[in-house]
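Down below is the structure, laid out as structure tokens.
The values are calculated or read from the model by the stated rules, or taken from the named source; none is laboratory data. What you see is a predicted model; the values in this text were computed from it and never measured. When we count neighbours, we look across all protein chains shown, and the Cβ atoms used for this are built from the backbone with ideal geometry, even at glycine.
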Amino acid sequence: MTSTWATSTVGEQFDVQLGKMLDAAKNVGVPKPYLGNRAVQWGRIDVSAGGVVPMSRADIQRYRLRDGDLLVCEGGEVGRGAIWRNELAECYFQKALHRLRAKHGYDVRLMQALLAYWSSTGAFADFVTQTSIAHLPREKFIQMPLPLPPQPEQGKIGDVLQDVDDLIGTLERLISKKLAIKQGIMQQLLTGSVRLPGFTEPWREVAVAELLEFKNGLNKASQFFGRGTPIVNFMDVMNGPIITAADVAGRVTLTRDETKRFSARCGDVFFTRTSETIEEVGTAAVLVDDIPDAAFSGFILRGRPRSTSFDSRFLAYLFQLDDVRRQVTASASYTTRALTNGKSLSRVRLLTPRLDEQRAIMVAVQDAEHEIRMLSARLSKTLSVKQGIMQELLTGRTRLPNQVQPA
């Protein structure tokens, strides 16, 4: 059996201080960089989200950050925290943040992990005040109970969690790099600025009307949704540009005539018809699986291929290009919502190669996407493992080896 940890409070173990109030009329002194709520994410600090504010001599002494300070969001997503590691040579913090500085050597990495654990378990609920947004007042924050493992054990827990966080950070950076590479591949190959080996024939310009026949989707009362046949919905398209059978979770009850008129087939290209912003209309995604009796909703348009002379996947990806997006948004309308229609999308003009080159380009793009999916799956698994580790280590349920137990 292991011993039970002692319990302290956040205020007993940390000096907790709110940052500088931003007031353009009152702030005087030397301009200095500062961090606000947006700059503090879970486990990382985004200095690009900071700003500059005049600081007096007293402000500089009071609000200057030190290496190892823990910054915690006071409002919004309360408890979101990250450790300051001198990302800038000199920096300060704004009143939307608590700064925690250990009084007696409490491991700040353990404290950061506890914040994330408390957030995931709802532990902040009894300590926040709620108006339009949640707030974590200092006087309540310092009263939060804090487990107090022996300092050697704190360090071991911190080391374990740091190793996991380092792996998560590495995976996130690698995914970002792969996404940038994929974007570069798309921009080069989908525009013809770079050609794959063996392809030299010139591309031709076509109107979408030559490639697709458009139809508006199904509109039915709410009581018909929730059971029945699969239906391709707005978010299926927004999450594209590829839609698989597994992606189509919506269900609707249809008549035989509706099933025929609003069918969704493998190779159909779907477009968002209406949204709150013009930037979201005309987003394209292609259905790549056969789904028996599938239909599509009234918030999207179906573009059914007029022939087999082009690859529907290639067309859906073309609608991600900036030049094509500009054509779509330029022809969209806006009243209370942004709208497009089949007539407007039919006028969009595209540069297209021969079918064999289209397919070769899709292989290159989807190879890049496969790498990203594999890395994303590994990241998701690592995040789940971290949650399990936190559940065990931060509650004392599992103790790390070689801890000295009191007699």
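Taking region 56-78 as the range and being crowded, with 20+ Cβ neighbours inside 10 Å, hydrophobic (A, V, I, L, M, F, W, C) and not in a loop (DSSP other than H, G, I, E, B) as the test, the residues that pass are 70, 71, 72, 73. Taken over region 195-237, residues that are hydrophobic (A, V, I, L, M, F, W, C) and part of a loop (DSSP other than H, G, I, E, B) amount to 5.
For residue 23, the criteria (1) without any contact (Cβ under 8 Å) to a residue 24 or more places away in the chain; (2) buried (at least 18 other Cβ atoms within 10 Å of the Cβ) hold in every case but one, which is (2). Apart from one condition, residue 397 fits all of (1) part of a loop (DSSP other than H, G, I, E, B); (2) within 30 Å of residue 216 (Cα to Cα); (3) not hydrophobic (A, V, I, L, M, F, W, C); the exception is (2). For region 17-34, the set of residues classified as assigned to a strand (DSSP E or B) and touching a Phe, Trp or Tyr at 6+ places or on another chain (Cβ under 6 Å) consists of 20, 32, 34, listed by residue number. Go through region 76-123 and give me each residue that's of a type in the set (Asp, Glu) and in contact with a helix residue (DSSP H, G or I) (Cβ under 8 Å, 6 or more places away or on another chain). Matches in region 76-123: 77, 87, 107. Considering the conditions (1) in contact with a Ser or Thr (Cβ under 6 Å, 6 or more places away or on another chain); (2) over 30 Å from residue 52 (Cβ atoms); (3) at pLDDT below 95, residue 135 is excluded by exactly one of them, (2).
Of all the listed residues (345, 351, 379, 375), the sole one being surrounded by 15 or more Cβ atoms within 10 Å (Cβ to Cβ) and not in a helix (DSSP H, G or I) is 351.
Select from region 293-319 the residues that are of a type in the set (S, T, N, Q) and in contact with a strand residue (DSSP E or B) (Cβ under 8 Å, 6 or more places away or on another chain) and list them in ascending order.
Step one: of region 293-319, the residues of a type in the set (S, T, N, Q) are 297, 307-309, 312.
Matches in region 293-319: 297, 312.
The set of residues in region 180-198 being surrounded by 15 or more Cβ atoms within 10 Å (Cβ to Cβ) and either at positive phi or of a type in the set (A, V, I, L, M, F, W, C) (or both) consists of 185, 186, 189, 190, 192.
Which residues, counting only those in region 80-116, are in a loop (DSSP other than H, G, I, E, B), within 15 Å of residue 44 (Cβ to Cβ) and of a type outside the set (S, T, N, Q)? Talk me through it step by step, then tell me what you get.
Step one: of region 80-116, the residues in a loop (DSSP other than H, G, I, E, B) are 80, 84-91, 95-96, 103-107.
Still in the running and within 15 Å of residue 44 (Cβ to Cβ): 80, 84-88, 91.
80, 84, 85, 87, 88, 91 - these are the residues of region 80-116 that are in a loop (DSSP other than H, G, I, E, B), within 15 Å of residue 44 (Cβ to Cβ) and of a type outside the set (S, T, N, Q).
Listed by first and then second residue, the pairs with beta-carbon distance under 7 Å, at least 6 apart or on different chains, first residue in region 370-388 and among the hydroxyl-bearing types (Ser, Thr, Tyr), second surrounded by 11 or more Cβ atoms within 10 Å (Cβ to Cβ), are 376/175; 382/164; 382/167; 382/168; 382/171.
Every listed requirement among (1) out of contact with any helix residue (DSSP H, G or I) (no Cβ under 6 Å at 6 or more places or on another chain); (2) surrounded by fewer than 20 Cβ atoms within 10 Å (Cβ to Cβ) is met by residue 278 save one, (1). Inspect region 288-306 for any residue being out of contact with any Gly (no Cβ under 8 Å at 6 or more places or on another chain), assigned to a helix (DSSP H, G or I) and surrounded by 14 or more Cβ atoms within 10 Å (Cβ to Cβ) and give the result as yes or no. Within region 288-306 (the criterion being out of contact with any Gly (no Cβ under 8 Å at 6 or more places or on another chain), assigned to a helix (DSSP H, G or I) and surrounded by 14 or more Cβ atoms within 10 Å (Cβ to Cβ)), the answer is no, since none of the residues qualifies.
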